[in-house]
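**Q** Dropping a structure here in structure tokens format, bear with me for questions.
The values are calculated or read from the model by the stated rules, or taken from the named source; none is laboratory data. What you see is a predicted model; the values in this text were computed from it and never measured. Positions of Cβ are backbone-derived with ideal geometry, glycine not excepted, and every protein chain shown enters the neighbour counts.
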Amino acid sequence: MHRYFAIVFAAVLAVGVGIAGSAKAQSQAEFKRELKAMQSLYKEPGLMEVTVKSMRGMMMLTGNTATDEQSKKAEEIIKNMRGVKEVRNRIRVGKVDDCSTAKDAELMAKVDKEIENDEELAQARRKLDISVKDRNIVLKGSLKDYSQAGSLVNMVKRVPCFNSMNFDDLEYN
């Protein structure tokens with residue numbers, strides 16, 4: 001009788017661990033899909049204020065764009081991504097910050113300050129080449145994993161006034 005309960009308990013435990021492992025793998029896959037979406041979106045001028053959330057093949061777009069054309073462009077970019085089944089566009093169109101007076105050096109200084117405030121990224125900074133020209137930021141170099149890359153991309157996104165962000169040459173596992 002005890003053996004029967006031990007077998008049932010072991011089976012239930014194995015199923016529970018399997019489900020938890022599957023959920024973790026799912027969340028990692030979703031995060032990687034979001035990072036890939038940001039990589040495509042943020043190259044386009046005017047889409048830096050768009051946020052992407054991935055949920056089981058559905059991508060939710062939120063944030064702001066100055067024009068309806070930019071909102072539609074963001075939606076089209078995401079629709080063309082492999083593995084995306086549905087796109088929900090909740091982007092608000094209208095007023096965005098006036099950044100016409102923002103200087104590249106000021107933006108770079110803000111990025112460096114943000115990096116300094118993150119211990120893990122501060123240590124990785126020597127492996128990064130970050131440049132800003134005409135309010136467009138380019139991230140190159142290597143980071144330890146996609147999670148660290150996501151942290152860097154989201155941190156840069158918090159600095160207002162960038163037109164675009166390119167991280168095609170940012171290496172991570």
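**Q** Quick one: would you say Gly63 is part of a strand (DSSP E or B) and not β-branched (Val, Ile, Thr)?
**A** Details: part of a strand (DSSP E or B): yes; not β-branched (Val, Ile, Thr): yes.
For Gly63, the condition - part of a strand (DSSP E or B) and not β-branched (Val, Ile, Thr) - is met.
**Q** Here's a follow-up. Do any helices (runs of 4 or more DSSP H) lying entirely in segment 84-173 carry at least 3 residues that are buried (at least 16 other Cβ atoms within 10 Å of the Cβ), and which ones are they? So that I can check it myself, show each step before the final result.
**A** Working: elements: 104-116, 119-124, 146-158.
Fully inside segment 84-173 and qualifying: 104-116, 146-158.
**Q** If Gly63 meets every condition in (1) out of contact with any Phe, Trp or Tyr (no Cβ under 7 Å at 6 or more places or on another chain); (2) over 22 Å from Lys36 (Cα atoms) apart from one, which number is that one?
**A** (2) is the only condition that Gly63 fails.
**Q** While we're here: Can you pull out the residues in segment 57-91 that are basic (Lys, Arg) and at pLDDT 95 or above?
**A** So in segment 57-91, the residues basic (Lys, Arg) come out as 72-73, 79, 82, 85, 88, 90.
Once the filter is applied, which keeps residues that are basic (Lys, Arg) and at pLDDT 95 or above, segment 57-91 yields Lys72, Lys73, Lys79, Arg88, Arg90.
**Q** Another question, if that's okay. Determine whether Leu139 is in contact with a helix residue (DSSP H, G or I) (Cβ under 8 Å, 6 or more places away or on another chain) and closer than 15 Å to Ser164 by Cβ. Give the steps one after another, and end with the answer.
**A** Values: in contact with a helix residue (DSSP H, G or I) (Cβ under 8 Å, 6 or more places away or on another chain): yes; closer than 15 Å to Ser164 by Cβ: yes.
So Leu139 fits the description; yes.
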